[in-house]
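S.K.: Here's a structure for you.
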Amino acid sequence: MTFSQCQDARFSVRRYSDKKVDSELLQKVLEAGRKAPTACNNQPQYIYALQSEEALGKIREAANIHDGPCVLLVCADRTKAWVRPYDGMNAAVIDATIVTDQMMMAATELGLSTLWICHFQPDLVRESFSLPPQLVPVNLLVLGYAADGVTADPDRFTKMRKPLCETCCIL
C-alpha cells in the first residue's frame with residue numbers, strides 16, 4: 001500500500017467489533033511510533049497500550065472510546081522534549097502527535113481501524129493511570145476492527161475538506 005492509498009483508506013471509526021487486536025499487529029503499530037520523527041530525536045513520548053478490561057474501563061470514564069478493544073494513550077514528557085531557544089516553545093505535544101499519526105497510518109496499512117481522540121479528561125486520565133507528574137496525556141488512539149457495515153464515505157475528501165487554496169499559499 002502506498003502512502004496515498006493509506007491516506008485514502010484511513011477514516012475515523014466509531015463502531016468496532018469485539019475482536020481483540022492481534023498482538024503482532026499491535027507490536028508493529030507501536031514500532032511505527034518508536035520510529036516516528038521527533039524534534040532533535042529526543043523521543044519524549046511514552047505510550048500506554050490499554051487492552052485489559054480494567055484499563056479500558058478506566059479510559060472509558062475519561063473519554064468515549066466507542067467500544068474499541070485497544071486504546072493507545074500517548075503521553076509526552078515535557079522535561080525530555082526539545083525547546084526552541086527563541087521563544088521557549090516545547091515540542092513535546094507536537095512530538096507525541098507525530099508519533100500518534102505515524103501509528104495511525106501504520107495501523108491502517110495493517111488493516112486495523114482507528115480513531116484519534118483528543119477530547120478526553122486529562123486530569124482523570126492522569127489520576128486513573130497514576131501518571132508521573134512530568135507526563136502529559138496528549139492523545140488517545142483507538143485501535144480495532146471496524147464493526148460489520150462500517151465503511152468510509154467515498155466522497156469525504158470532497159465534502160469534508162477545504163479546497164487546497166484555502167489552506168495553502170505557494171510563494
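The values are calculated or read from the model by the stated rules, or taken from the named source; none is laboratory data. The structure presented is a predicted model; accordingly, all values stated were derived computationally and were not measured. Quick reminder, even Gly has a Cβ in these numbers, built from the backbone with ideal geometry, and neighbours come from all protein chains shown. Please note that ligands, DNA and RNA were not included when accessible areas were found on the heavy atoms of the full protein model with its side chains. Shrake-Rupley method; radii C 1.70, N 1.55, O 1.52, S 1.80 Å.
S.K.: Taking the conditions exactly as written (closer than 15 Å to G144 by Cβ and out of contact with any Ser or Thr (no Cβ under 7 Å at 6 or more places or on another chain)), does P69 satisfy them or not?
M.R.: Details: closer than 15 Å to G144 by Cβ: yes; out of contact with any Ser or Thr (no Cβ under 7 Å at 6 or more places or on another chain): yes.
Considered against the rule, which asks whether it is closer than 15 Å to G144 by Cβ and out of contact with any Ser or Thr (no Cβ under 7 Å at 6 or more places or on another chain), P69 comes out as yes.
S.K.: Considering A76, A147, A106, which residue is aliphatic (A, V, I, L, M) and more than 17 Å from R34 (Cβ to Cβ)?
M.R.: Numbers: A76 fails: more than 17 Å from R34 (Cβ to Cβ); A106 fails: more than 17 Å from R34 (Cβ to Cβ).
The unique qualifying residue is A147.
S.K.: While we're on this one: For region 108-147, name all the residues that are among the small types (G, A, S) and open to solvent by 40 Å² or more (accessible area, probe 1.4 Å).
M.R.: G111, S130
S.K.: Could you tell me whether A49 is closer than 24 Å to P132 by Cα and either loosely packed, with under 12 Cβ neighbours inside 10 Å or over 17 Å from the mean Cα position of the chain (by Cα) (or both)?
M.R.: Answer is no for this residue.
S.K.: Which count do you get for residues in region 148-159 that are open to solvent by 100 Å² or more (accessible area, probe 1.4 Å) and closer than 30 Å to K19 by Cα? Walk me through it before giving the result.
M.R.: Looking only at region 148-159, we keep the residues that are open to solvent by 100 Å² or more (accessible area, probe 1.4 Å), and these are 148, 151, 154, 158-159.
Checking the rest, the ones that are also closer than 30 Å to K19 by Cα come to 148, 151, 154.
The total comes to 3.
S.K.: Does D18 meet the test of being of a type outside the set (A, V, I, L, M, F, W, C), over 19 Å from M104 (Cβ atoms) and surrounded by 18 or more Cβ atoms within 10 Å (Cβ to Cβ)?
M.R.: So D18 does not fit the description; no.
S.K.: Against the conditions (1) over 21 Å from R126 (Cβ atoms); (2) over 17 Å from the mean Cα position of the chain (by Cα); (3) open to solvent by 50 Å² or more (accessible area, probe 1.4 Å), where does A39 fall short? Just the number, please.
M.R.: Single failed check for A39: (3).
S.K.: Among the residues of region 41-53, is any touching a residue at least 12 places away in the same chain (Cβ under 8 Å) and acidic (D, E)?
M.R.: No, there is no match, as no residue in region 41-53 is touching a residue at least 12 places away in the same chain (Cβ under 8 Å) and acidic (D, E).
Conditions (1) hydrophobic (A, V, I, L, M, F, W, C); (2) open to solvent by 10 Å² or more (accessible area, probe 1.4 Å); (3) modelled with pLDDT of 95 or more; (4) under 20 Å from D22 (Cα atoms), marked per residue:
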{"position": "Q45", "(1), (2), (3), (4)": "no, yes, yes, no"}
{"position": "E61", "(1), (2), (3), (4)": "no, yes, yes, no"}
{"position": "H66", "(1), (2), (3), (4)": "no, yes, yes, yes"}
{"position": "V71", "(1), (2), (3), (4)": "yes, no, yes, yes"}
{"position": "W82", "(1), (2), (3), (4)": "yes, yes, yes, no"}
{"position": "P85", "(1), (2), (3), (4)": "no, yes, yes, no"}
{"position": "G88", "(1), (2), (3), (4)": "no, yes, yes, no"}
{"position": "A92", "(1), (2), (3), (4)": "yes, no, yes, no"}
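S.K.: Could I ask something else about it? Can you report the number of residues in region 123-147 which are under 30 Å from K20 (Cα atoms) and either free of Cβ contacts under 8 Å to residues at least 24 places away in the same chain or part of a loop (DSSP other than H, G, I, E, B) (or both)?
M.R.: 9
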